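The values are calculated or read from the model by the stated rules, or taken from the named source; none is laboratory data. Keep in mind that what you see is a predicted model, and the values were worked out from it rather than measured. All Cβ positions, glycine included, derive from the backbone under ideal geometry; neighbour counts span all protein chains shown. Quick note on the areas: whole protein, heavy atoms, side chains included, nothing else; ligands and nucleic acids left out. Shrake-Rupley method; radii C 1.70, N 1.55, O 1.52, S 1.80 Å.
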Amino acid sequence: MDESRPETVVGSKSFTAVAVNCAAKAGEYIKMKLGTTGQPDFKYSRQDLVTEADKGAERLVRNLIATHFPDHSFLGEEGVEPGPEASAAALREALEAEYLWIVDPIDGTTNFVHGFPFFAVSIALARNGRVIVGVVYDPVRDELFVAERGKGAYVRGKRLKVSAERTLGESLLATGFSANPAVMRINAREASALVQKARNLRVCGSAALHLAYVAAGRLSGFWEHGLNAWDLAAGSLLVEEAGGRMSGVNGEPFDLRVRDVAASNGLIHDELLAALREVE
Ligand code: IPD
Ligand code: CA
Ligand code: CA
């Protein structure tokens with residue numbers, strides 16, 4: 001690679017431009033499919049849904065990326081067997097690639113199935129295991145959140161900045177309930193404890209959009225257990241580039257293998273982790 005070029009440009013092609021184009025095309029496709037996909041199929045559990053739109057959007061993104069960057073690797077949710085063990089194994093193998101695209105074609109499939117307008121396309125590019133480009137696109141609001149490592153995060157041309165709350169008491173938090181029933185029980189106990197400490201709690205059903213909202217300062221913090229790299233990769237870069245903090249729920253540094261995550265404006269991070277630790 002030409003060392004004088006930024007890390008996100010190879011030859012004359014910008015990784016970010018391709019990521020944005022893929023997200024826009026996939027977003028348009030899933031919006032067109034909204035309300036037309038009929039009954040979903042079940043994957044790991046009866047709460048883990050998939051539709052034709054998830055598979056079609058992933059195919060579209062995979063083909064476009066292969067056209068631009070045939071040597072790059074690709075990890076998409078719908079190309080991996082359901083369940084936590086299979087996803088961890090797929091990620092381990094995929095992380096050996098120098099360039100790895102990590103894609104969730106619809107983050108928020110349950111919302112998509114029910115017509116609840118909160119879902120997104122999530123596309124990230126990792127180089128040697130570190131995310132360098134992240135795009136989260138909400139086709140309903142036509143909001144495209146984009147981050148490049150070291151260059152900030154933006155939506156509609158406006159630089160993203162995390163919120164300024166300093167305490168949990170002033171914070172609007174979000175969490176998500178995993179489709180894995182055992183994990184869901186832990187989450188329910190934590191949600192019950194945290195809603196009493198925060199200003200309030202939202203559970204909107206898309207981890208990628210929750211992270212984008214932390215980056216945009218619309219949420220003060222977010223946590224969830226049992227997530228996968230495709231839920232988190234793009235959103236984690238948005239949060240970091242907007243001045244926020246990502247970590248595991250036990251405070252360990254964030255990387256793509258971390259499944260139990262906390263994200264925040266940084267200022268409330270330690271208090272959020274401490275409050276989670278207190279939950280039985
Ligand atoms: C799900 C969403 C949801 C979160 C689940 C994820 P999917 O992704 O991010 O908000 O609570 O844990 O699995 O299945 O809609 O891509
Ligand atoms: Ca997801
Ligand atoms: Ca998905």
Legend entry - the range 183-196 residues that are within 19 Å of Gln47 (Cα to Cα), paired with ones that are open to solvent by 50 Å² or more (accessible area, probe 1.4 Å) (beta carbon under 6 Å, 6 or more apart): Met184/Phe177; Asn187/Phe177
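Do we have Gly169 as closer than 24 Å to Asn228 by Cα and either modelled with pLDDT of 95 or more or of a type in the set (Asp, Glu) (or both) here? It would help to see each step written out before you state the result.
Values: closer than 24 Å to Asn228 by Cα: no; either modelled with pLDDT of 95 or more or of a type in the set (Asp, Glu) (or both): yes.
Against the criterion (closer than 24 Å to Asn228 by Cα and either modelled with pLDDT of 95 or more or of a type in the set (Asp, Glu) (or both)), Gly169 does not qualify.
Can you give me the number of residues within the range 108-130 that are in a strand (DSSP E or B) and open to solvent by 10 Å² or more (accessible area, probe 1.4 Å)?
Initial filter on the range 108-130 (in a strand (DSSP E or B)): 120-127, 130.
Within this subset, residues satisfying the condition of being open to solvent by 10 Å² or more (accessible area, probe 1.4 Å) are 127, 130.
The number of residues fulfilling the criteria is 2.
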Inset, instruction - Evaluate the following for Thr67: is it within 14 Å of ligand 2 (Cβ to nearest atom) and of a type in the set (Ser, Thr, Tyr)? - result: no
Inset, instruction - Give the residue that is nearest to Glu52 (Cα to Cα), with candidates limited to residues of the range 75-107 that are hydrophobic (A, V, I, L, M, F, W, C), within 14 Å of ligand 1 (Cβ to nearest atom) and surrounded by 23 or more Cβ atoms within 10 Å (Cβ to Cβ). - result: Ile106
Inset, instruction - Could you tell me whether any residue of the range 84-104 is touching a residue at least 12 places away in the same chain (Cβ under 8 Å), assigned to a strand (DSSP E or B) and of a type in the set (D, E, K, R)? - result: yes
Inset, instruction - Kindly indicate the residue of the range 9-20 that is surrounded by 16 or more Cβ atoms within 10 Å (Cβ to Cβ) and of a type outside the set (Val, Ile, Thr) and also modelled with the lowest pLDDT among those meeting that condition. - result: Ser14
Inset, instruction - From (1) touching an Asp or Glu at 6+ places or on another chain (Cβ under 8 Å); (2) open to solvent by less than 80 Å² (accessible area, probe 1.4 Å), pick out the condition that doesn't hold for Phe42. - result: (2)
Inset, instruction - Output the strands (runs of 3 or more DSSP E) that fall wholly within the range 135-182 and possess 3 or more residues being under 15 Å from the mean Cα position of the chain (by Cα) and crowded, with 24+ Cβ neighbours inside 10 Å, or say none. - result: 143-148
